[in-house]
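Shown next, in structure tokens, is the structure this report addresses.
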Amino acid sequence: MSGHSTYTPKTGIERWIDARLPIIRLMHDSAVSYPTPKNLNYLWTFGGILTFMLVAQIVTGVVLVMHYTPHVTLAFTSVEQIMRDVNYGWLLRYFHANGASMFFIAVYIHMFRGLYYGSYKAPREILWILGVVIFLLMMATGFMGYVLPWGQMSFWGATVITNLFGAFPIIGEPIVTWLWGGYAVDNPTLNRFFSLHYLLPFMIAGVVGLHIWALHHVGQNNPDGVEIKNYAKDTVPFTPYATSKDAVGLVFFLMFYGWFAFYMPNFLGHPDNYIPANPLSTPAHIVPEWYYLPFYAILRSIPDKLAGVLAMFAAIAVLAFLPWLDTSRVRSTRYRPTYKIFFWILVVVCFLLGYCGSQPTDKAVLQLGGKTILDISGLGLLLTIYYFAHFLVVLPLLGLFEKPKAEPASIADAVLARSGH
């Protein structure tokens, strides 16, 4: 997509390296001269923010591992020791723990941006699917990391989630036994989760590399959803235009991140996780981290255990099929007024699913004459039905019946029209 390389070695050392390993050329073509659509807004800065967050999580995680002890009798104490006795251990731990939440906030904004502007459509199908794979790996990594402090919510969260695999016929019990490393959540379980939590971020980094490669091959989408027609008129070099915008976006995001890490570091966590794990004392309300709550609500809303587990996994898997479920030829929601309504309904549904996942299933939502008409479980089921209907019914039909607005002929035309020229 970037065309021929514009890099010219200026010194003898550069020419020598370029002839043997053109890594400087690769960096220049990818991060300096790469043609970027000139109409990108600040929602496109979240790709760079996510790359930064991945590096930050790996660096802080590697340092924390130097002081963590993956044993059920020592894990909780070792985390507290990191907080109290390791130089700046509290800072590393709070940045790592809150970094997971920041990572998911950024990835959810990144994904909803892709949904809004049609970034999953041809020729970017593989780019989108790689993004879904990264999301799945993030969810697995985050869950295993939540278990490591070995507090009450860590232990019981691991117990509940791993037991879900037992719903699968024939293969379910062997999978659960393998995850546990025995017949109950215990030290082998903690060791498995610790090992995988350390390994998976490097796998994420590998898939991110593929994701960026795919992006640079097919080119970036843009808010107007039209392809680049004329590189001279439609694009600007990545540096300094996109890099300066990315830097501004990152600074504001880091201010948001720092606010949580320094002023309310435990706001997004659960207080029960500051109680050592006790297999004999079940918490009153077991909940996962906030970023799993919509999927947890889907799981709980379906009475049948196997159907609930399948629906939870299907809620993520359906995203990978978006390029083929959306039958509209128009990418951007700017030119799809009817789809824009359904998009915002989906956003509200996802937030409400998150709320349902955080509440007890028997909590009343709607009462009439002192009698519960609708509880959290019922509301979760209605929202789950709509969630799947959006992808499996609304998107395919909208492409057939919606009348989109006229798209601009080029990116340059769209920019000039909005500037009043």
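Among the residues of the range 33-60 satisfying the criterion of being in contact (Cβ under 8 Å) with a residue 40 or more places away in the chain and touching a Leu at 6+ places or on another chain (Cβ under 9 Å), which is farthest from W180 (Cα to Cα)? Reasoning before the result, please.
Within the range 33-60, the first condition is being in contact (Cβ under 8 Å) with a residue 40 or more places away in the chain, and the residues that meet it are 33-54, 56-58.
Applying the additional criterion that residues be touching a Leu at 6+ places or on another chain (Cβ under 9 Å) yields 45, 47-49, 52.
Values: T45: 40, G47: 35, G48: 37, I49: 35, F52: 33 Å.
Here the answer is T45.
Just checking, does the range 319-339 include any residue being in contact with a strand residue (DSSP E or B) (Cβ under 6 Å, 6 or more places away or on another chain) and either under 25 Å from T36 (Cβ atoms) or among the basic types (K, R) (or both)? Spell out how you get there, then give the answer.
At the first step, the residues of the range 319-339 found to be in contact with a strand residue (DSSP E or B) (Cβ under 6 Å, 6 or more places away or on another chain) are none.
No: zero hits.
Cβ contacts < 7 Å: first residue basic (K, R), restricted to the range 391-407; second residue surrounded by 17 or more Cβ atoms within 10 Å (Cβ to Cβ) and assigned to a helix (DSSP H, G or I), any location; separation 6+ or different chain. Result?
Note: pairs meeting the criteria are K405/Y335.
Can you find a residue that is in contact with a strand residue (DSSP E or B) (Cβ under 8 Å, 6 or more places away or on another chain), assigned by TED's automatic domain parsing to the domain that holds T384, buried (at least 20 other Cβ atoms within 10 Å of the Cβ) and not in a loop (DSSP other than H, G, I, E, B) anywhere in the range 279-294? Write out each step before concluding.
Keep residues of the range 279-294 that are in contact with a strand residue (DSSP E or B) (Cβ under 8 Å, 6 or more places away or on another chain), which gives none.
Scanning the range 279-294, I find no residue that is in contact with a strand residue (DSSP E or B) (Cβ under 8 Å, 6 or more places away or on another chain), assigned by TED's automatic domain parsing to the domain that holds T384, buried (at least 20 other Cβ atoms within 10 Å of the Cβ) and not in a loop (DSSP other than H, G, I, E, B), so the answer is no.
Run down F76, F103, F52, F46 and say which single residue is assigned to a helix (DSSP H, G or I), touching a strand residue (DSSP E or B) at 6+ places or on another chain (Cβ under 6 Å) and assigned by TED's automatic domain parsing to the domain that holds G269. Walk me through how you get there before you give the answer.
Working: F103 fails: touching a strand residue (DSSP E or B) at 6+ places or on another chain (Cβ under 6 Å); F52 fails: touching a strand residue (DSSP E or B) at 6+ places or on another chain (Cβ under 6 Å); F46 fails: touching a strand residue (DSSP E or B) at 6+ places or on another chain (Cβ under 6 Å).
When all the criteria are applied, what remains is F76.
Tell me which residues, restricted to the range 221-245, are over 24 Å from the mean Cα position of the chain (by Cα) and either on the phi > 0 side of the Ramachandran plot or part of a strand (DSSP E or B) (or both).
T235, V236, P237
If you scan the range 340-392, which residues turn out to be more than 23 Å from the chain's Cα centre (by Cα), at pLDDT 95 or above and more than 17 Å from I298 (Cβ to Cβ)?
Residue satisfying the conditions is I341 alone.
What's the total number of residues in the range 305-355 that are out of contact with any Leu (no Cβ under 7 Å at 6 or more places or on another chain) and either in a loop (DSSP other than H, G, I, E, B) or outside the structural domain of F391 (by TED's automatic domain parsing) (or both)?
Here the count works out to 5.
Going by what's in this entry, would G420 be described as small (G, A, S) and buried (at least 17 other Cβ atoms within 10 Å of the Cβ)?
no
Can you tell me which residue among P9, P35 is in contact with a strand residue (DSSP E or B) (Cβ under 7 Å, 6 or more places away or on another chain) and farther than 14 Å from S244 by Cα? Give the derivation first.
On the way: P9 fails: in contact with a strand residue (DSSP E or B) (Cβ under 7 Å, 6 or more places away or on another chain).
That would be P35, the only listed residue that is in contact with a strand residue (DSSP E or B) (Cβ under 7 Å, 6 or more places away or on another chain) and farther than 14 Å from S244 by Cα.
How many residues, within the range 285-307, are of a type in the set (G, A, S) and in contact (Cβ under 8 Å) with a residue 60 or more places away in the chain?
Let us first name the residues in the range 285-307 that are of a type in the set (G, A, S), namely 297, 301, 307.
Keeping just the survivors that are in contact (Cβ under 8 Å) with a residue 60 or more places away in the chain gives 297, 301.
Selection size over the range 285-307: 2.
Which one of these does A97 not meet: (1) under 30 Å from L43 (Cα atoms); (2) surrounded by fewer than 21 Cβ atoms within 10 Å (Cβ to Cβ); (3) touching a Gly at 6+ places or on another chain (Cβ under 9 Å)?
Result: A97 passes all but (2).
Of the conditions (1) in a helix (DSSP H, G or I); (2) surrounded by 19 or more Cβ atoms within 10 Å (Cβ to Cβ), R84 clears all except one; give me its number.
(2)
Given the conditions (1) of a type outside the set (A, V, I, L, M); (2) part of a helix (DSSP H, G or I); (3) crowded, with 21+ Cβ neighbours inside 10 Å, which single one is not true for F165?
The one condition F165 does not meet is (3).
Filter the range 7-55 for residues that are of a type in the set (S, T, Y) and surrounded by 14 or more Cβ atoms within 10 Å (Cβ to Cβ); which is nearest to the chain's Cα centre (by Cα)? Explain how you work it out, then say what you get.
Taking the range 7-55 as the starting set, the residues that turn out to be of a type in the set (S, T, Y) are 7-8, 11, 30, 33-34, 36, 42, 45, 51.
Remaining after also requiring surrounded by 14 or more Cβ atoms within 10 Å (Cβ to Cβ): 7, 30, 33-34, 36, 45, 51.
Working: Y7: 34, S30: 24, S33: 29, Y34: 26, T36: 24, T45: 15, T51: 12 Å.
Ranking the candidates gives T51 first.
Pairs, please: C-beta under 6 Å, at least 6 apart or cross-chain, first residue on the phi > 0 side of the Ramachandran plot and in the range 137-162, second of a type outside the set (S, T, N, Q)?
Every condition considered, the pairs that remain are W150/A75; W150/F76; W150/A277.
Answer with yes or no whether L352 is more than 24 Å from N221 (Cβ to Cβ), in contact with a helix residue (DSSP H, G or I) (Cβ under 9 Å, 6 or more places away or on another chain), hydrophobic (A, V, I, L, M, F, W, C) and in contact (Cβ under 8 Å) with a residue 60 or more places away in the chain.
Numbers: more than 24 Å from N221 (Cβ to Cβ): yes; in contact with a helix residue (DSSP H, G or I) (Cβ under 9 Å, 6 or more places away or on another chain): yes; hydrophobic (A, V, I, L, M, F, W, C): yes; in contact (Cβ under 8 Å) with a residue 60 or more places away in the chain: no.
So L352 fails the test.
The values are calculated or read from the model by the stated rules, or taken from the named source; none is laboratory data. Everything numeric here is computed off the predicted structure, so don't read it as measured data. No Cβ is skipped: glycine too gets one built from the backbone with ideal geometry, and neighbour counts run over all protein chains shown.
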